[in-house]
Structures are given as structure tokens and as C-alpha cells.
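Just so it is clear, none of the values below were taken in a lab; they were calculated from the coordinates. Values in this document were obtained by computation on a predicted structure and should not be read as measured data. Reconstructed Cβ throughout: ideal geometry from the backbone, glycine too, with neighbour counts over all protein chains shown.
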Amino acid sequence: MSLSEVEAATESEQVEQPAGNLRKEAWKRLKRDPIALVGFGLIAFFVLVAIFAPLIAPYAPDAQPGRGMITPTNIPGPSAEHWFGLDASGRDEFSRVVYGARQSLLVGVVATLFGMAGGLLLGVLAGAFGGKVDTVVMRIVDIMLSIPGLLMAIAIAALLGAGLWSVMIAIAIINVPVFARLLRGQMLAQRGSDYVLAAVSLGVRRRPIVLGHILPNSISPVIVQATLTLATAIIEAAGLSFLGLGGADPRVPEWGRMLADTQRYLASAPHLAFFPGIAIVIAALGFTMLGERLREAIDPKYRR
Amino acid sequence: MSDQVPAPSAEKRASADVLLSVRGLEVHFPIRSGIVVERQVGSVKAVDGVDLDIPRGATVGLVGESGCGKSTLGRAILRLVEPTAGTVTFGDVDVRALAGEDLRRMRRQMQMVFQDPMASLDPRQNVQSVLSEPLRAHGIGGDHRARVRELLDVVGLPASAANRYPHEFSGGQRQRIGIARAIALEPQLIVADEPVSALDVSIQAQVVNLLEELQDRLGLTYLVIAHDLAVVRHIADVVAVMYLGGLVEQAPSDDLYATPLHPYTKALMSAVPIPDPVVEDTRQRILLQGDLPSPADPPTGCRFHTRCPFRQPTRCAEERPLLRTVAGHADAHRVACHWAEDIEAGRILPAASAVVDPDPVREPDPQPDPAT
């Protein structure tokens with residue numbers, strides 16, 4: 001008791017804003033958490049790979065150093081010369097995975113951020129106002145959810161024309177209802193809680209109640225969902241590029257498309273599926289680990 | 001706290017000045033049915049015609065079993081749930097007529113203490129933020145840090161508590177934080193909804209004493225909602241007994257406990273164990289049978305007649321009794337029973353099935369057989 005009092009007393013000298021205090025605490029806890037650090041390390045690793053791809057990759061992503069060695073039945077696997085082997089066109093698989101990090105991470109992060117932003121907006125609207133606003137917003141969300149995700153993404157991407165941006169926007173839009181529904185449900189549950197009632201009885205205005213109490217207590221599952229969406233966004237981007245709706249230049253490698261392209265050679269050259277696949281898994285794992293620990297760090301109930 | 005002049009205790013108790021007056025208050029929750037087009041198929045009459053006066057500086061206890069509508073009544077007074085009919089007058093302000101910003105400003109005068117102190121505190125808010133939030137909401141300037149320290153001191157918590165979070169406290173400490181929050185705006189009325197029911201018995205007395213101490217210091221008026229008759233007896237000047245959405249008896253605390261007039265109150269009193277084995281073994285007890293009827297479909301006439309051991313063939317099922325005075329009792333003692341006088345005089349006896357008579361003379365414990 002006395003020790004924690006001393007601690008609290010020294011803390012109070014440094015900290016002005018209670019909200020800032022909480023954020024600082026969360027950061028402190030996150031820095032001590034090995035799993036969060038591993039997750040952060042994985043993400044940092046892929047970001048660095050993406051940035052320094054030209055320095056890391058031994059070949060350009062569209063060079064075909066192994067052109068002569070390829071026959072339809074023989075695609076060489078990993079060797080000292082080509083670490084991840086060659087692909088069906090004789091391109092160096094390692095270089096393509098390295099370059100692929102650029103496109104994949106970009107699509108995943110941007111699409112998830114946009115999807116989350118849209119979902120937050122709709123979710124807060126529905127969760128904060130309830131009643132008719134809630135009904136209208138949730139019916140829109142239901143309609144969006146009733147259309148198969150990839151089908152809708154194809155429709156949106158086709159409407160916007162092939163290109164990186166339309167892929168990102170299409171994936172963002174199909175993820176909006178997921179975030180919206182999740183947040184709305186959480187907010188609705190929080191809205192009936194005693195501390196919200198207490199804030200109302202204190203005469204706190206609606207906006208601070210929604211943004212200061214209900215939203216912060218509802219956001220954790222949304223953050224975790226975002227880390228999972230990052231992984232699926234990469235896969236969805238692959239689906240779109242497989243259908244010819246991806247980035248304008250087919251020579252620019254992207255993990256998803258590399259995975260999609262391998263299906264004809266799966267029996268003869270499984271390494272073509274393995275390497276981009278494992279890259280997706282590890283990147284997704286990194287985001288998930290960080291996301292999971294972030295959720296615990298920002299929740300004061302887990303404070304140690 | 002320093003600028004508040006504490007009202008002298010004796011004077012405030014005697015004062016007939018009514019702070020809050022409730023008349024014919026109803027809270028009916030609609031029961032809706034239908035898939036596309038919803039229509040109302042009925043209503044849950046959680047509070048159904050309550051009249052209640054709370055004198056300034058007094059403590060009114062509201063007791064009743066779970067589901068009788070006592071919490072809803074408390075919340076309806078604060079407009080945390082919307083009443084469907086009736087009036088709530090605070091001082092000379094018609095609380096039900098207020099809306100928007102006027103209502104928000106009015107909330108400053110009326111605060112609430114909740115039953116579950118953990119649930120009523122935002123887990124992401126530290127105590128500093130919890131206690132300064134009401135100050136921010138009403139644009140009260142000054143040094144919030146100093147004010148929070150003062151509030152913590154008043155409720156008996158160390159100043160270092162300000163930087164800690166609700167989960168770091170014990171139940172009793174959390175309830176102190178909840179009380180500090182309720183007094184932060186220096187309200188006149190505090191509705192305390194089961195303020196100690198969620199606490200350990202050993203902590204209950206501390207919190208009850210804190211509430212009483214604050215009342216003396218700040219001149220507060222309390223409406224204390226509880227199901228624990230002992231707590232209410234300790235803290236309340238006036239006790240109102242609620243059954244299925246309506247008040248059945250209202251009296252100064254001592255009168256009510258000494259001479260309960262309503263059959264329901266009698267039954268409640270006889271459910272309280274008396275810490276004297278001789279009395280406990282020899283007194284006659286009245287047991288209520290069955291459950292609380294559904295507030296969606298309350299019994300006609302007297303709400304209590306379906307379970308009343310003193311039920312009479314006439315009037316009880318047809319006429320809803322109103323709160324009235326009974327000859328031979330103080331005017332402040334009012335009861336909603338058609339037959340209160342006859343029951344008191346012993347002319348009407350309870351149905352035998354509802355009475356648990358004291359055990360016949362208890363056999364002495366068998367003596368150990370000297371042979372073994």
C-alpha cells in the first residue's frame with residue numbers, strides 16, 4: 001500500500017493529463033512485453049524488406065535469370081544460386097517475394113485502415129444514436145454483408161477500373177460492415193452500463209460520453225479485428241489480381257498473385273506456393289501478435 | 001466543501017420543507033411485438049402511481065423486494081428513465097418539463113450513487129478523471145487537482161488514489177469514489193440505489209456511516225433504496241415500503257418498525273431475524289407464499305391481495321387502496337390497506353397457512369446416556 005502510494009505520488013508529479021497517463025502506461029507495458037516485441041519485430045522486418053527491396057533482392061523482380069532451365073515439368077526448387085528456387089517463367093522467387101512485400105503490405109495496411117475508418121464512422125453513428133439511425137445504418141450493413149465479399153470487391157474494383165487504388169478501396173469497402181457491426185454491438189452493450197448512466201446523471205454531454213467513455217471501452221475488439229483483416233486483405237488482394245483487377249503492371253510481384261499463379265504447378269513445384277504463403281502467414285502473425293498485446297496493454301484491467 | 005454551511009441537525013430533521021415531491025409517478029415500459037411493424041401489446045408497469053415527499057435534509061428509505069420497481073422509481077426521479085405520467089417537483093422546478101440543456105444543468109442538483117461500484121466507474125478512467133469529470137461537464141473552473149484531493153479526503157481516501165484506476169481498489173473504496181463523484185457538484189439530493197448491497201458486511205457499516213457523516217456536513221437529502229431493512233432502519237428518517245410498483249406504507253422509521261400496519265410490511269418485518277434466540281423462537285412469523293406477480297399484468301384492486309394472509313372477500317380484489325392515515329397513529333404514518341384498523345385490532349386474523357407459530361416448548365437436548 002505505502003509503496004504504491006509513493007509510486008503514485010511520484011507519477012503524479014510527471015503526469016499532467018490522465019488520458020496521456022493511460023497512453024504512456026500502455027506504451028510502457030507494451031515495451032516490456034516479449035510477444036508484442038516479436039510481433040513488432042516481424043512487422044518491422046517486413047517493412048524494412050519492402051523499403052530496401054532493391055538492396056536485398058539479387059535480381060530485379062521481372063528478370064528471368066533461369067529462363068533456359070525451365071520446362072513445363074521441371075521447375076528448379078531452392079538452390080544456392082536461387083534461394084527460393086525459380087518460378088514458372090524462370091524468375092528468381094526470392095527476389096519476387098522480397099519485392100512482393102511492398103505491394104502486399106501497402107494493400108493490406110491501406111485497405112484495413114480505410115475499412116476501419118469507414119466501419120468506425122458507421123459503428124459510432126449507429127451505436128451512439130441508436131433508434132432510427134441505428135436501424136438505417138444496420139440495414140445498410142446487412143445488405144453489404146449479404147453480398148459475398150469477394151463478389152462485391154470484384155464489382156467495386158471493376159467499377160473503379162483495374163489498378164492498385166481500386167483494389168485497396170474495394171477491399172476497404174467490403175471490410176467496412178465487419179468493423180461497423182462489431183463496434184456497434186460493443187457500443188450498444190456499453191451504452192446500457194452503469195458508468196454511462198452515471199455520466200448522464202452527472203450531466204456530461206452526449207459527445208464526451210460517446211467519445212470519452214463508450215468508444216474507448218468498445219474499441220479493443222476492433223483493433224484485434226484489424227490485425228486479422230490485414231491478413232485477409234492480403235489474400236483478397238490476391239484474389240482480385242488473379243482475376244485481372246489488381247495492379248496495372250502484372251510484372252510487379254505481389255504475394256497473393258504469386259500464390260494464385262502457382263496453382264497449375266502445385267504438384268511439380270510446391271515451393272512456389274510455400275514461399276509467398278509463408279510470407280503472408282508470418283506477416284499476418286506479426287500483426288496479430290502485436291494487435292493482441294496492444295489490446296491488453298490499452299486495457300487497464302490487465303495492468304500489472 | 002469548506003464553503004458549505006452545515007445545517008444544524010435538529011433543525012433540519014424538524015423542518016417540513018419539502019425538497020422533492022413526486023405525484024402520481026408512472027413508468028410503464030412498452031412490450032412490443034411484431035416483425036416489420038411493431039405494435040405495443042402491453043406494458044410493464046414498473047412504477048404505477050407513486051406519491052412521495054422527501055423533506056429537505058431528511059433521509060427517506062425505500063424498501064421492497066427485488067423487482068418491485070424501487071430502482072426504477074429512483075431513476076425516474078432523476079430522469080435517467082423517462083416517466084410516462086405524473087410529476088416530479090424539485091424545489092419549485094418541474095423536473096419532467098425540463099429538456100436538453102436545462103435538464104443537464106438541473107442534474108447538478110440531483111446525483112446518484114449506484115449499487116455496483118465497479119460497474120458504475122469507467123475502467124479506463126483514473127480517479128482524478130472520474131472526480132473532475134462532473135466539474136468539466138458543468139464548466140466549473142478552479143484547480144481541479146486540489147478539488148479532487150479535497151473530495152478524496154472527505155470520503156476518507158488518500159490523495160494518491162487520484163492516479164489509480166478503479167480495479168486497483170477494494171469494493172468499499174470504489175463505493176467511496178462513487179460517493180465522492182456524487183458530491184463533487186455539491187448536489188442537494190442524492191439517490192442512493194442499494195449503496196451497500198454489493199459490499200461485504202464488514203464494509204457496509206463504514207459506507208453507511210460515511211453517508212450519514214456527509215449528510216451532516218453538507219446538508220444533503222437522501223433517497224436510499226435498499227432491500228436490507230436493517231440498513232434502512234439505521235439510516236432513514238422516513239421509510240416507504242414499495243410493492244409491485246406502488247407504495248403500501250410510509251411512516252417515520254421508528255413507527256414503521258414498531259407498529260407495521262400493512263400486511264406486506266408485517267411479513268417483511270417478520271422475515272428479519274432477531275438476534276435473540278428466545279425471542280426468535282417464540283415469536284409468530286408470517287410467511288408470504290408465491291412470487292411477485294408480473295408487473296405486466298398486476299392484480300386488480302389491491303396489488304398485494306394475491307399473497308395477502310389477511311385478504312378479505314370484499315374490497316381487496318376490487319378497489320385499489322390509497323395511502324391514508326389510521327386513527328391512533330401519527331399523521332405521517334400512512335398505509336394503503338382497506339382493513340388496516342381491523343387487522344391492528346386483531347379482528348381479522350391471518351390465514352393459518354401463512355402463519356408459522358413458535359415451536360412448542362423445546363425438548364431439552366437429550367442427555368448423553370450415562371451407561372456408555
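A few points about this structure:
- Cut-off 12 Å between beta-carbons: net charge of the residues surrounding A:Gly212, Lys and Arg +1, Asp and Glu -1: +3
- Against the rule of thumb 2.2 N^0.38 Å, how large the Cα Rg of region B:9-145 comes out: 1.27
- Region B:260-356 - Rg over Rh from alpha carbon coordinates, Kirkwood radius: 0.98
- Summed residue charge, Cβ within 12 Å of B:Arg334's Cβ, Lys/Arg positive, Asp/Glu negative: -4
- Rg/Rh for region A:220-266 stands at 1.11; both radii use Cα atoms, and Rh follows the Kirkwood definition.
- Share antiparallel - DSSP beta bridges, chain B, percent rounded to 5: 65 percent
- Selected from B:Ala251, B:Ala351, B:Ala192 as most flexible by GNM, with chain B as the system and alpha-carbon contacts under 10 Å: B:Ala351
- Net charge of Cβ neighbours under 14 Å - reference A:Ala111; Lys, Arg +1; Asp, Glu -1: -2
- Computed over the Cα atoms of chain B, pair by distinct pair, the Kirkwood hydrodynamic radius stands at 22.7 angstrom.
- Ranking of B:Leu78, A:Leu121, B:Leu288, A:Leu266 by count of other Cβ atoms within 10 Å, fewest first: A:Leu266, A:Leu121, B:Leu288, B:Leu78
- Net charge dipole size for chain B [Lys, Arg +1 and Asp, Glu -1 on Cβ; Debye, nearest 20]: 1240 debye
- Chain A, relative contact order in percent, only Cα pairs under 8 angstrom and at least six apart counted: 26 percent
- Sorted fewest first by neighbouring Cβ atoms within 10 angstrom, A:Thr262, B:Thr325 come out as B:Thr325, A:Thr262.
- Per residue, the average separation of C-alpha pairs within less than 8 Å and at least 6 apart gives region B:260-356 a relative contact order of 29 percent.
- Rg/Rg_globular for region B:162-204, with Rg_globular taken as 2.2 N^0.38 Å and Rg from C-alpha atoms: 1.24
- Among beta bridges that DSSP assigns inside the protein assembly as shown, antiparallel share in %, nearest 5: 65 percent
- Kirkwood's formula applied to the C-alpha pairs of the protein assembly as shown gives a hydrodynamic radius of 30.3 angstrom.
- Listed residues A:Glu292, A:Glu25, A:Glu81, most fluctuating in chain A (Gaussian network, C-alpha, under 10 Å): A:Glu81
- In nm, spacing of pseudo-spin labels at A:Leu37 and B:Glu213 (7 Å Cα→C-beta vector): 4.7 nm
- Cα→Cβ-extended label distance, 7 Å offset, between A:Ala88 and B:His227, nm: 7.0 nm
- Between A:Phe274, A:Phe46, A:Phe114, the residue with the greatest mean-square fluctuation in the GNM of chain A (Cα pairs under 10 Å linked by springs) is A:Phe274.
- Each principal axis of the Cα atoms in region B:64-215 has its own extent, and those three values, largest first, are 45, 41, 29 angstrom.
- When only Cα pairs below 8 angstrom with a gap of at least 6 residues are kept, chain B shows a relative contact order of 18 percent.
- Taking the C-alpha atoms only, the angle from helix B:201-218 to the longest principal axis of chain B is near 60 degrees.
- Taking amide hydrogens as placed 1.01 Å from N in the peptide plane, the amide H of B:Val224 sits under 5 Å from those of B:Val60, B:Gly61, B:Leu62, B:Ala192, each at least 5 positions away in sequence or on another chain.
- 22 Å Cα cut-off, lysine pairs counted over the protein assembly as shown (separation 8 or more, or different chains): 5
- Size of electric dipole in the protein assembly as shown: Cβ of Lys, Arg +1 and of Asp, Glu -1, about Cα centre, debye, nearest 20: 2440 debye
- Shown here is the pair-distance distribution of region A:102-304: with all Cα-Cα distances grouped in 5 Å bins from zero up to the longest one, the shares run 1, 8, 14, 16, 16, 14, 11, 8, 6, 4, 2, 1, 0, 0, 0 percent.
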